[in-house]
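This report refers to the structure that appears directly beneath it.
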Amino acid sequence: PFSLYAEMRAKAPVLHVPPLDLWMIFDYEGVKRALHDHDTWSSIVTTQTGPTPDWLVFSDPPRHTLLRNIIQRAFTPRSIANLEPRIRELSRELVDGVIERGEMDLVKDYAEPLPTMVIAEMIGIPVADRPRFVRWSEIILNLSYTMSGGEAATRAVAEHAALKEEMHAYVDDLCTARKKAPKGDLLTRLVEAEVDGERLTGEEILGFFQLLLVAGTETTTNLLGNTILSFFEHPDELARLEADPARLLPTTIEEVLRYRTPVSMVFRAAKRDVMIHGQTIPAGKFVLLLMGSANRDPKQFQDPDTFDVGRDPNPHIAFGHGIHFCLGASLSRLEAKVAIPDLLSRLRGLAPASDAPWQPRKALHVHGPARLPVRFEPGK
Ligand code: HEM
């Protein structure tokens, strides 16, 4: 999409798309300003059929503040740092599982299971149920199609409706168990939380559950996949990183987030008529903010289409900006910090499997490989 983004930034940084009566903003300044101004740009963009404003990410203040407070403390850099040994262990187990084979699908065999297991343990879901929630998370993600309409939207909505009961029952059972025997996990936090003196409803807890599931998995999966993909495309930059990992690993992770932004866009709704770059977006209209494009804006980044593992400063907005700034930013950075050296040091000669090219994900608003077949020297 990057050449299209470049064209749009140059020609129409604010674009009206008549068939959907939708607006799109492509430039860094415009996107960041809209993310910052939550009084003008509402996050309540849900349709009748999709997720509801019970989801933190689709709520506005004052409710947003209350909901965010409930789980915020589990995501501070310090709480997250405590997870490092466990993430390391999970990563080691995944690599152990494939290392003798000499080949794997980097996405299905590593980049997807790692974050899924981490967030599952944080939420308090038994690891054995993982295959179920990988499927759930895909179905929830497909709800992005509801915005574009058509057959894909109808299918996504039907699938989600069918799934909701199953998920509801599953989460209810876990909540009942936590009420009897609290644990140190996110579910316990949700069960015990009070907002304005009232407990969360089952619907609200389910909203959190679905959000954490999708936000905690798809995004970091894409970050890890995008990292390896970028190394394959830019072997010189990989060599630079390997020569000085202590200094360059943190900047490498930020550069992947900028260069191949995993969440390429978010929705907002205009609460009033807004003038932006000389165009008026009328109140009530939906707007797509394209962070994937903003992060390649030459007005903000020198040589934006160059993948530079030493880029610093790097004020990308891959995690959003303002009050909805990604709660999982420290977590996903930590997962990448553990995963990347683990993969590079243990999988000698890591290279794309020559016969099977990578495939992009299909969902509209995420960017990353759906499959990334790789080979390496078999080892122990
Ligand atoms: C919000 C991106 C990983 C949980 C966001 C937003 C972005 C984002 C762009 C802002 C949405 C908006 O403004 O409408 C990413 C990326 C990730 C990542 C690129 C990985 C590379 C995670 C992880 C979690 C997580 C691992 C952990 C559970 C959340 C939550 C919100 C959020 C709960 C909503 C915050 C709010 O509305 O106040 N994320 N995310 N994210 N993210 Fe992430």
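Just so it is clear, none of the values below were taken in a lab; they were calculated from the coordinates. All of these numbers come straight from a predicted model, not from anything done at the bench. As a convention, Cβ positions derive from the backbone with ideal geometry for all residues, glycine included, and neighbour counts pool all protein chains shown.
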* **Cα pair distances in segment 214-345, grouped into 10 Å bins until the bin that holds the longest one, percent each** => 11, 40, 30, 13, 5, 0
* Structure fact -> Under 14 Å by backbone N from the virtual spin label 7 Å along Cα-to-Cβ at residue 86, the residues of segment 241-255 are none
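What is the dipole size for segment 215-358, taken about its Cα centre, with +1 at each Lys and Arg Cβ and -1 at each Asp and Glu Cβ, in debye to the nearest 20?
Values: 15 positive and 17 negative charges, 132 e Å.
Magnitude of the dipole: close to 640 debye.
If you place +1 on the Cβ of every Lys and Arg, -1 on the Cβ of every Asp and Glu, and leave all else neutral, what size is the dipole of segment 236-295 about its Cα centre, to the nearest 20 Debye?
On the way: 8 positive and 7 negative charges, 114 e Å.
Approximately 540 debye in magnitude.
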* Structure fact -> If unit charges are put on Cβ atoms (+1 for Lys and Arg, -1 for Asp and Glu) and the dipole of the chain is taken about its Cα centre, the option from 160, 76, 214 lying farthest towards the positive end turns out to be 76
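If you rank 277, 38 by fewest surrounding Cβ atoms within 10 Å, what's the result? The partial results should precede the final answer.
On the way: 277 12, 38 17.
Placing the least packed residue first, the sequence is 277, 38.
Take every DSSP beta bridge whose two residues both sit in the chain, then give the antiparallel share in percent to the nearest 5.
Working: 23 of 27 bridges.
Of those bridges, close to 85 percent are antiparallel.
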* Asked: What does the charge dipole of the chain about its Cα centre add up to, to the nearest 20 debye, if the Cβ of each Lys and Arg holds +1 and the Cβ of each Asp and Glu holds -1?
  -> 340
* Computed over the chain, Kirkwood Rh from alpha-carbon pairs, angstrom -> 21.7
* Asked: Can you work out the FRET efficiency for the pair residue 194 and residue 152, with r the C-beta to C-beta distance and R0 = 35 Å, to the nearest 0.05?
  -> 0.30
* Can you run phi through the Karplus equation (6.51, -1.76, 1.60; θ = phi - 60°) for segment 18-27 and list ³J(HN,Hα) in whole Hz, with x for Gly and Pro? -> x, x, 9, 6, 10, 10, 10, 10, 10, 9
* Residues in segment 281-325 near a label at residue 240, defined as backbone nitrogen under 20 Å from the 7 Å Cα→Cβ point? -> 295-318
* Asked: Tell me which aspartates and glutamates have Cα within less than 13 Å of residue 32's Cα, excluding those fewer than 8 residues away on the same chain?
  -> 297
